[in-house]
Amino acid sequence: MTEVEGADTAPRFDPFSDEYFDDPYDLYRRMRDEAPVSYNDTYGFWALFRYDDVRAAHLDWQSFTSTHGVDLAMLSTDPELVRMYGLMIMMDPPDHERARALVGRVFTPRAVQALEPMVAEVIDAALASLDGASSFDAVADFSGPFPVEIICRMLGVPAGERQQIRHWLDHMLERRPGELGPTPEGMEAAVASWSYFVELTRHKRKHPGDDMISRLTEATVERDDGQTTRLSDEEIAGFIGLLGGAGAETVTKLVANAVVLFHRHPDQYARIVADPGLIPGAVEEVLRFLPPSQYQGRFSTRDSVVGGVTVPAGHPVLLVTGSATRDERAFDRADQFDIGRPPSQALGFGFGIHTCLGAALARMESRVAIEALARRFPALAVDESGCRRVQMSNVAGYARVPVHVS
Ligand code: HEM
């Protein structure tokens, strides 16, 4: 069949398609060039693809609110339901400031520095189990288990129950092509994890320890009516779910992405093996080149002109980080992986009021993990034919990365 003259050949971004899950980068380039501010009429959302537009939208929370949720399934439901979750990532000021202040102190760069010995111990234990192995899976055997172990230790989740949280999350974030919401297993996992967090909170009220959940049971917060009250079990369960989720999935993806990128760029791996001082820069470059969080969801509260196009009020809007950090308008040689790149504001941790609360922790965990990997395995090769990517909402990366070491 010949192509109909004048037929619509504009590129389309579908965040539930195999093209997106497998490798969206050619599509992102076309979106930036041909449709940088565009509407998807299948799912009814707008999306921004250029660095400057994504960055500006992050700063303009009055026009692009987080209160309708941050993934497409929530952005398409009743905002009153979203409000009931009580999660800071789905709040605007002043609620957002109050919620963030409750846990902010734990994640400052100084507080995070004090956690480094614990982080190094967890990471060394994970790698010690690979001693003598000639091959392993970078996700199942390394980058999957350690981040959830670290955040759960901070929260006060008992040993033995920590990995379960990651498995629940994997189900909750999974998306099938063409489907906006979670799978039936994902719904079951959401219910199971919620009940677990509420139970754990009740247990901590009776048996407090030196951990974040116990401290949250003591914390007070000023309500809209000016009254100050303690947090409810459900509010604390929300905190645990958010911190556990945000703290586990993303570092897993970043470290596995790093392993694949180092395999593809052995010269750059050799540089960090020879000089671990280059690793912090490498972490930033992995975050820019393959950001684990590919898009941030918002909802337009009023008409806004973005790049000359009017984004009307009343729609979900995706700020496509994965495209913004490869925008050749903002980065020299944007498609080249270069660990020696000068520092920049690359948006991989978001920007503005919702900038990743755990950024200092994530940077430290990733640095310590890559240092340990480079020390133990100065030569590694990935069997790319065995790699599998996740099919998830908002986050992207690998589910399986087979590695051979010599
Ligand atoms: C490489 C790892 C990580 C990446 C790529 C990442 C990415 C992001 C991004 C892009 C946002 C902004 C969301 C938005 O604007 O809607 C965010 C927010 C957040 N992140 Fe991370 N994150 C990482 C690790 C962590 C860790 C370790 C924690 C700690 C528990 C954490 C906790 C949070 C929280 C609580 C928020 C919400 C902040 C708010 O709403 O003010 N993240 N993260």
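The values are calculated or read from the model by the stated rules, or taken from the named source; none is laboratory data. None of these values were measured; they are calculated from a predicted model. Note that we place each Cβ from the backbone using ideal geometry, even for glycine, and neighbour counts take in every protein chain shown. Areas reflect the complete protein model, heavy atoms only, side chains present, ligands, DNA and RNA absent. Shrake-Rupley method; radii C 1.70, N 1.55, O 1.52, S 1.80 Å.
For the range 340-373, the candidate set comprises residues that are buried (at least 22 other Cβ atoms within 10 Å of the Cβ) and either away from the ligand (no atom under 13 Å from the Cβ) or among the charged types (D, E, K, R) (or both); within that set, the residue that is farthest from A246 (Cα to Cα) is L373.
If we only count strands (runs of 3 or more DSSP E) wholly inside the range 288-356, which ones have 3 or more residues that are closer than 23 Å to F45 by Cα and of a type outside the set (A, V, I, L, M, F, W, C)?
On the way: elements: 296-300, 304-306, 309-311, 316-319.
Passing ranges, in order: 296-300.
The condition (being under 25 Å from L347 (Cα atoms) and assigned to a helix (DSSP H, G or I)) is satisfied by just one residue among L261, L216: L261. All of (1) in a helix (DSSP H, G or I); (2) touching a strand residue (DSSP E or B) at 6+ places or on another chain (Cβ under 9 Å) hold for A192 with one exception: (2). Against the criterion of being among the hydrophobic types (A, V, I, L, M, F, W, C), under 21 Å from V251 (Cβ atoms), in a helix (DSSP H, G or I) and open to solvent by 10 Å² or more (accessible area, probe 1.4 Å), A125 qualifies.
Among the residues of the range 195-204, none qualifies, meaning not one is hydrophobic (A, V, I, L, M, F, W, C), open to solvent by 40 Å² or more (accessible area, probe 1.4 Å) and in a helix (DSSP H, G or I). Of all residues in the range 260-279, those that are touching a residue at least 60 places away in the same chain (Cβ under 8 Å) have Cβ atoms under 6 Å from Cβ atoms of residues that are among the charged types (D, E, K, R), 6 or more apart or on another chain, in P276/E371; L278/R271; I279/R367; I279/E371. Given V273, V306, V286, which one is open to solvent by less than 40 Å² (accessible area, probe 1.4 Å), more than 15 Å from the chain's Cα centre (by Cα) and of a type in the set (A, V, I, L, M)? Just a single option satisfies the conditions, and that option is V306. Summed over the range 21-44, the residues that are in a strand (DSSP E or B), out of contact with any helix residue (DSSP H, G or I) (no Cβ under 9 Å at 6 or more places or on another chain) and more than 21 Å from R176 (Cα to Cα) give a count of 1.
Just a yes or no: is a residue in the range 269-292 within 13 Å of the ligand (Cβ to nearest atom) and touching a strand residue (DSSP E or B) at 6+ places or on another chain (Cβ under 8 Å)? Yes, the conditions are met somewhere in the range 269-292. When every residue of the range 221-242 is checked against the conditions, none turns out to be within 30 Å of I370 (Cβ to Cβ) and open to solvent by 50 Å² or more (accessible area, probe 1.4 Å). If the condition is being modelled with pLDDT of 95 or more and surrounded by fewer than 19 Cβ atoms within 10 Å (Cβ to Cβ), then the range 66-89 contributes only T67. Filtering R388, R376 for residues that are without any contact (Cβ under 8 Å) to a residue 40 or more places away in the chain, closer than 30 Å to R166 by Cβ, away from the ligand (no atom under 15 Å from the Cβ) and not hydrophobic (A, V, I, L, M, F, W, C) leaves a single hit, R388.
Looking only at residues in the range 134-144 that are part of a helix (DSSP H, G or I) and under 16 Å from the mean Cα position of the chain (by Cα), which one is farthest from the ligand (Cβ to nearest atom)?
Within the range 134-144, the subset part of a helix (DSSP H, G or I) is 139-143.
If we keep only those that are under 16 Å from the mean Cα position of the chain (by Cα) too, we end up with 139, 143.
Working: V139: 14, S143: 11 Å.
Checking each candidate, the answer is V139.
Please verify whether I279 is more than 17 Å from R32 (Cα to Cα), open to solvent by less than 30 Å² (accessible area, probe 1.4 Å) and part of a loop (DSSP other than H, G, I, E, B), treating the condition exactly as stated.
Values: more than 17 Å from R32 (Cα to Cα): yes; open to solvent by less than 30 Å² (accessible area, probe 1.4 Å): yes; part of a loop (DSSP other than H, G, I, E, B): no.
Answer is no for this residue.
When R162, R175, R166 are checked against the criterion of being open to solvent by less than 50 Å² (accessible area, probe 1.4 Å) and away from the ligand (no atom under 16 Å from the Cβ), a single residue qualifies: R175. G226 fulfils the conditions (1) in a loop (DSSP other than H, G, I, E, B); (2) touching a strand residue (DSSP E or B) at 6+ places or on another chain (Cβ under 9 Å) except for a single criterion, (2).
Results for (1) more than 24 Å from W194 (Cβ to Cβ); (2) within 11 Å of the ligand (Cβ to nearest atom), shown as yes or no for each residue.
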residue: L87; (1), (2): no, yes
residue: M90; (1), (2): no, yes
residue: P93; (1), (2): yes, yes
residue: E97; (1), (2): yes, yes
residue: E116; (1), (2): yes, no
